[in-house]
Amino acid sequence: MSLMEIFADPSKIDSLSFGEKMVGSGVTMMMGMGITFTILILLWGCIAVMGKVMHIGSKKPAGSIKEPEPAKKQPDQPQVATASSEDMPQNELIAVIAAAVSAAEGKALEDGLVIRKIQRMAGPSTPWHKAGQMECIDSRRV
């Protein structure tokens, strides 16, 4: 009779020595851990394959991306000249923010979007931070 068959019958466990009990419990533990890790590896593989399938399905054809037309100059607006090279990073920042806002709105820049003032918010929590916190909290409500 094998050690695992003896473990199957609870009345025979008392007849085993301490060493046999430890070996049997070690075998049981290794079988449980082996099965668990095997299933986890299979789940990981399934999730990886599903991720690749979803990634392939979400690709858009290259021709479907609409390129925005170049912005037309409006003669009625005065041109603003920069006084020094220190203003360039600020102007570039304004251009990037304007492009991001227009992309989020789905409109071209010539549709009347004007950024008048960009001001950094002081303090530890900005409105974006608070909105992110509220979204995170709302997503966990049952």
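Bear in mind that the values in this text are calculations on the coordinates, not laboratory data. It should be emphasised that the depicted structure is a prediction, and the values quoted were computed from it without experimental measurement. Cβ coordinates were reconstructed from backbone atoms using ideal geometry, including for glycine residues, and neighbour counts include every protein chain displayed.
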| remark: Expected vector for the stretch 20-26, Karplus 3J(HN,Hα) from phi with 6.51, -1.76, 1.60 and θ = phi - 60°, integer Hz, x for Gly and Pro, equals 5, 5, 5, 5, x, 5, x
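At R0 = 41 Å, how high is the FRET efficiency between I56 and A98 if r is their beta carbon distance? Nearest 0.05 is fine. All intermediate terms of the calculation are to be shown ahead of the outcome.
Numbers: r = 34 Å, r/R0 = 0.84.
Plugging the Cβ-Cβ distance into 1/(1 + (r/R0)^6) gives 0.75.
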| said: Using Cβ counts within 10 Å as a stand-in for footprinting exposure, how do L42, L3 rank, fewest first? | reply: L42, L3
| How far apart, in nm, are two points set 7 Å out from the Cα along the Cα-to-Cβ line at I13 and at A48? | 3.9
| request: Report the label-to-label distance for T126 and I39 in nanometres (one decimal), using points 7 Å from each Cα along the Cα→Cβ vector. | output: 4.6
